[in-house]
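Each remark here refers to the structure printed beneath this line.
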Amino acid sequence: MNTVIAFIIIFGVLVFVHELGHLVFAKRAGILCREFAIGFGPKVFSFKKQETVYTIRLLPIGGFVRMAGEDPEVIEVKPGYHVGLMFDGKGEVNKVVINNKDKYPDAKIIEVEYADLERELIIRGYELNEEETLKEYKVSKESYFVMDGQEIQNAPYDRQFGSKTLMQRTLAIFAGPMMNFILAFLIFAFLGMVQGYYINEAVIGELTPDGAAQSSGLQQGDKVLAINDESVSTWEEVVKIIQVNANEELLFLVERDGQSMNIPVTPKSEQAENGEARGVIGVFMPTEKSVLGAIPKAATETYTWTKEIITGLGKLVTGQFSIDMLSGPVGIYKSTEVVAESGIFLLMRWTAVLSINLGIINLLPIPALDGGRLMFFAAEAVRGKPIDRHKEGLVHFIGFALLMLLMLVVTWNDIQKFFL
């Protein structure tokens, strides 16, 4: 149960931060954001603040921000329709009642002759009891459709995604992956401040209780000046000497509390991944705690993980990795279960790595992903005009279908690996 809770929280945080990036930059551009959702499927919880409905949905496998103009609006007011009009204090139409008009006795019922609720913001029509008189009504920029008792805000063209500049649209889409990288950086910075961060100095870090360093008298914080009369100044130099001297006594010259002392240490032999023996003394790399130092270290760690993940994806494309090495939700769940046993700090580091992974995957130029959207924006910048909306939608639909197929394959592989 702890693993389930940890998995839901981690996935929820990653999706929340990603979609929050889209939401913030979309709102800054003046785009009407109808819904901010975590998960898919039926709504479990929702509330409305200002013009956006915030929802948590049943299936915690993603999220979305529904921006006006990205999808075809489902409500249209065409000539011949009978609609009810309700007015605000300025005499402008603020509600257009589509059906169940008998529930709104104060609404003025008209037969529509012409309507433009995006650009001109007007409705012309005949009142049912005055069929000979054509009247024109000004529609408020903050008007609503009323359908089946639900109010849906109308989106004038200047509030729609497609009306914004190429840069505004690009930022609204890019902001999602960007927030994932920012989240990872903040987690690494926090861990650096609380736990400390590794430094490449010739200093004894934390000792294991059963290691040769502990039994020989080395102490955490000892500064290593030389080993067997060979001067050392970095942790890498210390490790290199220890590893090639398994079962051979080494004389450590260390400085402790301002005094120098010689301490003999015999590294134990341990089998490396390549099958060769190497020396170990049971000492961790030294760490340091500093607010100012944690920030550049966090940036370096974010960059390092980004580079590693991109390199791995490159190997997958070139065939050096197989698709069986990919993990879906099931594989991530099992990995989270293992990491959770090691404590909250490792779980936080795992969250940061997953956040970087999510950011990179979303930036891939694959239709239906953020990177696919950005690819179309790049084409628009080159062509000087956008790609046909319907053609782009078809490409994204096909890309989404292929992604779902890939997800099924990866999930089935995970189930076979862990449960069959």
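The values are calculated or read from the model by the stated rules, or taken from the named source; none is laboratory data. All values reported here derive from a predicted model rather than from experimental measurement. Here the Cβ is made from the backbone with ideal geometry for all residues, glycine too, and neighbour counts use every protein chain on show. Protein only, heavy atoms only, side chains kept; ligands, DNA and RNA dropped before computing areas. Shrake-Rupley method; radii C 1.70, N 1.55, O 1.52, S 1.80 Å.
Things worth noting here:
- So LEU403, is it farther than 17 Å from ILE173 by Cα, assigned to a helix (DSSP H, G or I) and without any contact (Cβ under 8 Å) to a residue 12 or more places away in the chain: no
- Matching entry among ASN247, ASN262, ASN274 (being open to solvent by 90 Å² or more (accessible area, probe 1.4 Å) and either within 42 Å of the chain's Cα centre (by Cα) or among the acidic types (Asp, Glu) (or both)): ASN274
- Count of segment 367-386 residues, restricted to those that are touching a helix residue (DSSP H, G or I) at 6+ places or on another chain (Cβ under 8 Å), open to solvent by 60 Å² or more (accessible area, probe 1.4 Å) and either in a loop (DSSP other than H, G, I, E, B) or β-branched (Val, Ile, Thr) (or both), is 1.
- Any hit, segment 71-79, residues being farther than 25 Å from GLY125 by Cβ, in contact with a helix residue (DSSP H, G or I) (Cβ under 7 Å, 6 or more places away or on another chain) and assigned to a loop (DSSP other than H, G, I, E, B): no
- Taken over segment 237-261, the criterion of being polar (S, T, N, Q) and free of Cβ contacts under 8 Å to residues at least 12 places away in the same chain is satisfied by GLN259 alone.
- Filtered residue count, segment 329-355, keeping only those that are without any contact (Cβ under 8 Å) to a residue 60 or more places away in the chain, open to solvent by 50 Å² or more (accessible area, probe 1.4 Å) and in a helix (DSSP H, G or I): 3
- Of everything in segment 216-232 that is among the aliphatic types (A, V, I, L, M) and not in a loop (DSSP other than H, G, I, E, B), the residue that is most open to solvent (accessible area, probe 1.4 Å) is LEU225.
- Every test in (1) open to solvent by 70 Å² or more (accessible area, probe 1.4 Å); (2) touching a Ser or Thr at 6+ places or on another chain (Cβ under 7 Å); (3) not β-branched (Val, Ile, Thr) is passed by LYS90 save one, and that test is (2).
- For the criterion of being under 30 Å from PHE11 (Cα atoms) and exposed (fewer than 12 other Cβ atoms within 10 Å of the Cβ), LEU58 passes.
- Some residue of segment 297-317 being in contact with a helix residue (DSSP H, G or I) (Cβ under 8 Å, 6 or more places away or on another chain), small (Gly, Ala, Ser), part of a helix (DSSP H, G or I) and closer than 22 Å to ASN200 by Cα: yes
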